[in-house]
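The values are calculated or read from the model by the stated rules, or taken from the named source; none is laboratory data. If you're wondering where the values come from, they're calculated on a predicted model, not measured in any experiment. Using ideal geometry, Cβ is built from the backbone for each residue, glycine included, and neighbour counts are taken over all protein chains shown.
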């Protein structure tokens, strides 16, 4: 028996980490009987939240209230209460929520990155007290060091964890990820000039940059269009721009619309400044779409510049994004790029490959414990 411990509900699939939660569970089930322990996600202290935000508003660092000592101890209590004591192994989805959970049996854990990297990618460390950051990072480093295996979705995340936390490379594994959409049987693209921008955070993923780049692109390519899926600008009435809102993969009609847009588009534009290895870029590859993205984080593990997409050095540079979009409209090498995107995503980032790598890592731990 394996306890699968998560802070997410099982019926949530639209977000990257939630989709991976479901896939990880399926992989773990291939290794033995599973008891799902979740969602374990106690609320935050309203007082701590208000105080932290108030301090930051006045230019003083606050505490990282979401991982307060009090909340982490509540998580620990829930884990100990809900796990089956008879289980031989615990599998944790994510790292940081569990760092005060004292092990009662061997455990494996997996995530995109450590808290150290998460904080610096998605937040400004200067907004938080140094001693509070140290409290979380030191506890996480110690908890990860006690795990049987620490698994990552990317080599970038794994290497950073070894460097910042001093983790032993012998504990580390890289299992990749996959797209939470079924790949089509054939490439249905028919030569249009439609670009896609997909995000849950328009600002952080480079939406304003893409929108301005598209405005400039239309001056030389008036037939180009841009479809924004998910979070988008308010009151946008730009010519050539369509806003779909969020398309949830759990809803059949919305999932069908998502697939239709991906099948018809020429490329995805994703000049993100807060990502690691965006699942959506894998999904673009399933449909044969090259992507325009940042030469940052783990993105170059998926996108090879001028092979299956284009990478920019400065994702905030409108001219770089505009030129990349124009290149994908003008470049005679576009068709080979589509084929490379199709092959890369399906070869290295299929659901089957992900589940196989994760199951192999779990089975190796089970064998070593027996």
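Tell me the residue from 56, 48, 29, 13 that is farther than 21 Å from residue 96 by Cβ and either at pLDDT 85 or above or over 23 Å from the mean Cα position of the chain (by Cα) (or both), please.
29
All but one of (1) in contact with a helix residue (DSSP H, G or I) (Cβ under 8 Å, 6 or more places away or on another chain); (2) outside the structural domain of residue 363 (by TED's automatic domain parsing) hold for residue 161; state the number of the condition that does not hold.
Single failed check for residue 161: (2).
Restricting attention to the stretch 325-346, does a residue exist that is under 16 Å from the mean Cα position of the chain (by Cα), buried (at least 20 other Cβ atoms within 10 Å of the Cβ), in contact (Cβ under 8 Å) with a residue 60 or more places away in the chain and part of a helix (DSSP H, G or I)? Let's see the steps before the verdict.
Of the residues in the stretch 325-346, the ones under 16 Å from the mean Cα position of the chain (by Cα) are 345.
Checking the rest, the ones that are also buried (at least 20 other Cβ atoms within 10 Å of the Cβ) come to 345.
Okay, now just the ones that are also in contact (Cβ under 8 Å) with a residue 60 or more places away in the chain, so 345.
Those still in the list that are part of a helix (DSSP H, G or I) too: 345.
Checking the stretch 325-346: at least one residue is under 16 Å from the mean Cα position of the chain (by Cα), buried (at least 20 other Cβ atoms within 10 Å of the Cβ), in contact (Cβ under 8 Å) with a residue 60 or more places away in the chain and part of a helix (DSSP H, G or I).
Looking at (1) touching a strand residue (DSSP E or B) at 6+ places or on another chain (Cβ under 7 Å); (2) under 20 Å from residue 365 (Cβ atoms), which is the one condition that is false for residue 170?
The single condition residue 170 does not satisfy is (1).
Answer yes or no as to whether residue 196 is buried (at least 21 other Cβ atoms within 10 Å of the Cβ), in contact (Cβ under 8 Å) with a residue 60 or more places away in the chain and touching a strand residue (DSSP E or B) at 6+ places or on another chain (Cβ under 9 Å).
Details: buried (at least 21 other Cβ atoms within 10 Å of the Cβ): yes; in contact (Cβ under 8 Å) with a residue 60 or more places away in the chain: yes; touching a strand residue (DSSP E or B) at 6+ places or on another chain (Cβ under 9 Å): yes.
For residue 196, the condition - buried (at least 21 other Cβ atoms within 10 Å of the Cβ), in contact (Cβ under 8 Å) with a residue 60 or more places away in the chain and touching a strand residue (DSSP E or B) at 6+ places or on another chain (Cβ under 9 Å) - is met.
With respect to residue 133, determine if the residue is crowded, with 17+ Cβ neighbours inside 10 Å, part of a helix (DSSP H, G or I) and in the same structural domain as residue 43 (by TED's automatic domain parsing). Steps first, answer last, please.
Values: crowded, with 17+ Cβ neighbours inside 10 Å: yes; part of a helix (DSSP H, G or I): yes; in the same structural domain as residue 43 (by TED's automatic domain parsing): yes.
So residue 133 passes the test.
Which of the residues spanning the stretch 114-130 are assigned to a helix (DSSP H, G or I), more than 16 Å from residue 154 (Cα to Cα) and under 21 Å from the mean Cα position of the chain (by Cα)? Lay out the reasoning, then the answer.
Of the residues in the stretch 114-130, the ones assigned to a helix (DSSP H, G or I) are 115-122, 125-127, 130.
Cutting the leftovers down to more than 16 Å from residue 154 (Cα to Cα) gives us 119-120, 122, 125-127, 130.
Across the stretch 114-130, the qualifying residues are 119, 120, 122, 125.
If I filter the stretch 208-228 down to residues being in contact with a strand residue (DSSP E or B) (Cβ under 6 Å, 6 or more places away or on another chain) and in a helix (DSSP H, G or I), which single residue comes out as nearest to residue 291 (Cα to Cα)?
So in the stretch 208-228, the residues in contact with a strand residue (DSSP E or B) (Cβ under 6 Å, 6 or more places away or on another chain) come out as 210, 214, 225-228.
Among the residues that remain, those that are also in a helix (DSSP H, G or I) are: 210, 214.
Working: 210: 13, 214: 15 Å.
Here the residue is 210.
Do we have any residue at all in the stretch 99-113 that's in contact with a helix residue (DSSP H, G or I) (Cβ under 8 Å, 6 or more places away or on another chain), in contact (Cβ under 8 Å) with a residue 24 or more places away in the chain and assigned to a helix (DSSP H, G or I)?
The answer is no, given that none of the residues of the stretch 99-113 is in contact with a helix residue (DSSP H, G or I) (Cβ under 8 Å, 6 or more places away or on another chain), in contact (Cβ under 8 Å) with a residue 24 or more places away in the chain and assigned to a helix (DSSP H, G or I).
Is there a residue in the stretch 301-312 that is under 17 Å from residue 212 (Cβ atoms), outside the structural domain of residue 26 (by TED's automatic domain parsing) and within 23 Å of the chain's Cα centre (by Cα)?
In the first step, residues of the stretch 301-312 are kept if they are under 17 Å from residue 212 (Cβ atoms); the result is 312.
Narrowing further to those that are outside the structural domain of residue 26 (by TED's automatic domain parsing): 312.
Cutting the leftovers down to within 23 Å of the chain's Cα centre (by Cα) gives us 312.
Yes, the stretch 301-312 has at least one match.
The conditions are (1) surrounded by fewer than 18 Cβ atoms within 10 Å (Cβ to Cβ); (2) not in a helix (DSSP H, G or I), and residue 150 fails exactly one of them. Which is it?
Result: residue 150 passes all but (1).
Does the stretch 78-95 hold any residues that are in a helix (DSSP H, G or I) and either surrounded by 22 or more Cβ atoms within 10 Å (Cβ to Cβ) or in contact with a strand residue (DSSP E or B) (Cβ under 8 Å, 6 or more places away or on another chain) (or both), and which are they? Spell out how you get there, then give the answer.
Initial filter on the stretch 78-95 (in a helix (DSSP H, G or I)): 78-82.
Those that are in a helix (DSSP H, G or I) and either surrounded by 22 or more Cβ atoms within 10 Å (Cβ to Cβ) or in contact with a strand residue (DSSP E or B) (Cβ under 8 Å, 6 or more places away or on another chain) (or both): 79, 82.
Every residue in the stretch 267-308 that is touching a strand residue (DSSP E or B) at 6+ places or on another chain (Cβ under 6 Å), in contact (Cβ under 8 Å) with a residue 40 or more places away in the chain and part of a loop (DSSP other than H, G, I, E, B), please.
Across the stretch 267-308, the qualifying residues are 271, 272, 289, 290.
When the stretch 309-324 is examined, which residues are found to be in a loop (DSSP other than H, G, I, E, B) and out of contact with any strand residue (DSSP E or B) (no Cβ under 6 Å at 6 or more places or on another chain)? Let's see the steps before the verdict.
So the first thing to find is which residues in the stretch 309-324 are in a loop (DSSP other than H, G, I, E, B), and the list is 313-317.
Answer for the stretch 309-324, where residues must be in a loop (DSSP other than H, G, I, E, B) and out of contact with any strand residue (DSSP E or B) (no Cβ under 6 Å at 6 or more places or on another chain): 313, 314, 316, 317.
Considering only the stretch 167-192, state which residues are touching a helix residue (DSSP H, G or I) at 6+ places or on another chain (Cβ under 7 Å) and over 30 Å from residue 336 (Cβ atoms).
If the condition is that a residue be touching a helix residue (DSSP H, G or I) at 6+ places or on another chain (Cβ under 7 Å) and over 30 Å from residue 336 (Cβ atoms), then 167, 169, 172, 173 are the ones that fit.
Is the stretch 171-193 home to any residue that is within 30 Å of residue 356 (Cα to Cα), assigned to a helix (DSSP H, G or I) and not assigned by TED's automatic domain parsing to the domain that holds residue 278? Give the derivation first.
At the first step, the residues of the stretch 171-193 found to be within 30 Å of residue 356 (Cα to Cα) are 171-188.
Filter once more, keeping what is assigned to a helix (DSSP H, G or I): 171.
Subset that is not assigned by TED's automatic domain parsing to the domain that holds residue 278: 171.
Yes; the residues of the stretch 171-193 include at least one that is within 30 Å of residue 356 (Cα to Cα), assigned to a helix (DSSP H, G or I) and not assigned by TED's automatic domain parsing to the domain that holds residue 278.
For the stretch 237-260, how many residues are within 25 Å of residue 329 (Cα to Cα), touching a strand residue (DSSP E or B) at 6+ places or on another chain (Cβ under 6 Å) and touching a residue at least 24 places away in the same chain (Cβ under 8 Å)?
Our first condition is that a residue be within 25 Å of residue 329 (Cα to Cα); within the stretch 237-260, this holds for 237-244, 257-260.
So of that shortlist, the ones also touching a strand residue (DSSP E or B) at 6+ places or on another chain (Cβ under 6 Å) come out as 240-244.
Going one step further and asking which of them are touching a residue at least 24 places away in the same chain (Cβ under 8 Å), we end up with 240-241.
Looking only at that region, the number is 2.
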